Amino acid sequence: MYPSIRSQTDQSRNPNYKEDIIYVTKHNKWILNCIGIWPTVLKGMSKFLPKLVIGFSNLMPSFIIVQCVLYIVLEEKNPLLRLRFCSLAWYSLINLMKYWALIARKPDIEYCIKWMQTDWKQVEFQRNRMLMLKYGKIGRDLTIYSAVFMYSAGMCYTTIMQYGMRMSLKENNRTLRILVYPTYSGLFDIQKSPVYEIVYVFQCIYAFTCISVTVGCCGLAALFATHACGQIDVVISQLDDLVDGTFSKKSSNPDTRLMEIVKHHIRILKFSAMIETVLQEVCFFDFIGTTLLICSLQYLCITDLQHNNKIGLATYSMLLIGFTVNMMLLCYIGNLLMEKSTSVGISCYMIEWYRLPGKTMQGLILISAMSNSPAKISAGRIFLLSLPAFGNILKTSFAYLNFVRNTIVL
């Protein structure tokens, strides 16, 4: 059971809250609806649609992974190609585990979205609304950046790479059509039409689903973290108003104003803890999977450069850039939340606190002490998502790149 979000959720103080909610959640809603994760209220037979999407989205990667593993073990003999397809199978497996984590956390995601909607309804002043919209726009832009890079890279892999691999001439002068995702010939003959065309369309849908899971995870982190940052900015504006009370007309008593600030700050801390709970498994799989995938893509780029495979080099480079940018955005989101939650303590000191009554000043000490333990997003409660963590990922990948250059190229 979840605690009550707010007792007055049915009373809206913000007349523009519906437009504001649509503005900050629109892109996430599009992406997560494609994989059945976004909570929707449907009636009749349509209420089973998200379950059908989830079932189909689980069936596709399972089919691809089984086909890929059978092909690697039973058919492919080339070590280089085996490594390529192992990287593909690894990405598919990690992506499937991320999707399972999203499905398991779907009730928590719905709870956080309702929490956000309540916060938007309760905005009283236009200044606070503009502070929330400022960070809402940041979260919206981060989601767009992730979608542009990841969808571009994924679609290039299933189109440009498919074009480069569409024909392969074997020793017996038989021309074979090849797919970017390997298929085991013991199950069905991929060379026959329309089997080849059907499987190719199926693989394109699968690639779109995989990218949607990756972008959806980043979009959720951006949506929730930036909403928390906007709420923190509201608390800071309330702290700036604590001494004089010129902006707030509720009460001339600073103790009453401080009580409202403390309630708001506690609510933000609870929401930040909920963000950590929702994203910890997803970010763990993303952190580990992306780190290993970046190293594998670097190796594939080097081998394609050696063999003068321009199409493969361009495609793998785009994938490398896409996954690197996506990981950087996740780490930036975590870093933004940590820095913003720490700034509450700084604001407590920067106001003219010496003009407050003694008991009110003691309350500020508690707020400042709580900000010493900032809100954060972790990967499985093991790695913190921050810009230093992203720097460690780059160091690891560059060390691997240097090792490959010395052992393979030379």
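Of G55, V24, L81, which is farthest towards the positive pole of the range 24-133's charge dipole, taken about the Cα centre with +1 and -1 on the beta-carbons of Lys, Arg and Asp, Glu respectively?
Highest projection toward the positive end goes to V24.
What is the range 81-158 by shape, rounded, prolate or oblate, if you read a ≥ b ≥ c off the alpha carbon gyration tensor as root eigenvalues and call it rounded for a/c under 1.5, prolate for a/b larger than b/c, and oblate otherwise?
oblate
Give me, ordered by chain and number, the residues 5 or more places off S378 or on other chains with an amide H under 5 Å from its own placed amide H.
L385
Taking the alpha-carbon distance from K51 and a cut-off under 20 Å, which aspartates and glutamates remain once sequence neighbours fewer than 8 residues away in the same chain are dropped?
Straight-distance partners of K51: D108, E110.
How much accessible area does C34 have with a 1.4 Å probe, in Å² rounded to the nearest 10?
60 Å²
So how much accessible area does F383 have, in Å² to the nearest 10, using a 1.4 Å probe?
Answer for F383: close to 80 Å² accessible.
On a 0 to 90° scale, report how tilted helix 17-34 is relative to the longest principal axis of the chain, with both axes built from alpha carbons and the result rounded to the nearest 10.
Relative to the chain, helix 17-34 is tipped by roughly 20 degrees.
Once Lys and Arg get +1 and Asp and Glu get -1 on their Cβ, which of M259, S212, L223 lies farthest toward the positive end of the dipole of the range 212-291?
M259
Quickly work out the V262-to-K51 label distance, labels modelled 7 Å from Cα along the C-beta direction, and quote it in nm with one decimal.
Each label point is offset 7 Å from its Cα along the Cβ direction, giving 4.7 nm.
Using a 1.4 angstrom probe and counting only protein chains, how large is the accessible area of S317 in Å², to 10?
In the full protein context, S317 sits at about 40 Å².
Can you list the aspartates and glutamates whose alpha carbon is less than 18 Å from that of K134, not counting same-chain residues fewer than 8 positions off?
E19, D20, D119, E124, D233, E339
Any chance you could count the Lys pairs in the range 268-409 whose alpha carbons are under 29 Å apart, treating pairs 8 or more apart or on different chains as valid? Before the final figure, lay out the partial values.
Working: K270/K340; K270/K359; K270/K376; K310/K395; K340/K359; K340/K376; K340/K395; K376/K395.
Final tally of qualifying lysine pairs is 8.
Which one, A314, A222, A369, has the greatest fluctuation when you compute a Gaussian network model over the chain with C-alpha springs under 10 angstrom?
Per the Cα network of the chain with a 10 Å cutoff, A369 tops the list.
Using DSSP to call loops (not H, G, I, E or B), can you name the trypsin sites (Lys or Arg not before Pro) in the range 239-339 whose Cβ has at most 15 other Cβ atoms within 10 angstrom?
Answer by residue number: K249, K250.
When the chain is fully extended, how far beyond the present Cα-Cα distance does K137 get from L305, taking 0.36 nm per residue of separation?
In short, 56.5 nm is gained.
Which ³J(HN,Hα) values in Hz, rounded to whole numbers, follow from the phi angles of the range 84-96 under the Karplus curve 6.51 cos²θ - 1.76 cosθ + 1.60, where θ = phi - 60° and Gly and Pro get x?
4, 6, 5, 4, 5, 5, 5, 4, 4, 5, 4, 5, 5
Given charges of +1 on the Cβ of Lys and Arg and -1 on the Cβ of Asp and Glu, with all other atoms neutral, how large is the dipole of the range 278-373 about its Cα centre, in debye to the nearest 20?
The calculated dipole for the range 278-373 is roughly 280 debye.
Just to make sure I understand: if all protein chains stay in place, what is the order of I377, I302, I311, I346 by accessible area at 1.4 Å, largest first?
Per-residue accessible area, sorted high to low, gives I346, I311, I302, I377.
Over the chain, what is the relative contact order in whole percent, taking alpha-carbon pairs under 8 Å and six or more residues apart?
Relative contact order comes out at 20 percent.
K192: which lysines have alpha carbons under 18 Å from its alpha carbon, excluding same-chain residues fewer than 8 sequence positions away?
K170
What distance in nm separates the simple spin-label points at R381 and D241, each placed 7 Å from Cα in the Cβ direction?
The two pseudo-label positions are separated by 3.8 nm.
For the chain, give the magnitude of the charge dipole about the Cα centre (Cβ charges: +1 Lys/Arg, -1 Asp/Glu; no others), in debye to the nearest 20.
Numbers: 40 positive and 25 negative charges, 94 e Å.
Around 460 debye, computed over the chain.
How far is helix 106-121 tilted, in degrees, relative to the longest principal axis of the Cα atoms in the chain, given as a value from 0 to 90 rounded to the nearest 10?
The answer is roughly 40 degrees.
What do you reckon, how do C156, C283 stack up by accessible area (1.4 Å probe), largest on top?
Of C156, C283, the descending order of accessible area is C156, C283.
Can you give the helix-only mean residue ellipticity at 222 nm for the chain, where every DSSP H stretch with n ≥ 4 adds -39500 (n - 2.57) and the sum goes over all residues, rounded to the nearest 500 deg cm²/dmol? List each step's numbers first, then the result.
Numbers: 10 runs with 296 residues, N = 410.
Taken over the chain, the calculation gives -26000 deg cm²/dmol.
How far, in nm, would the chain grow between E197 and Q126 when pulled straight, counting 0.36 nm per residue and subtracting the alpha carbon separation?
20.0 nm
Projected onto the charge dipole of the chain (+1 at Lys/Arg Cβ, -1 at Asp/Glu Cβ, origin at the Cα centre), which of P107, S237, T277 gives the Cα projection farthest towards the positive end?
Checked the options; the winner is P107.
The values are calculated or read from the model by the stated rules, or taken from the named source; none is laboratory data. Predicted, not measured: the structure shown is a model, and the values here were computed from it. With ideal geometry, Cβ positions are generated from the backbone for all residues, glycine too; neighbour counts draw on all protein chains shown. Each accessible area value is taken on the protein alone, full model and side chains, heavy atoms only, with ligands, DNA and RNA left out. Shrake-Rupley method; radii C 1.70, N 1.55, O 1.52, S 1.80 Å.
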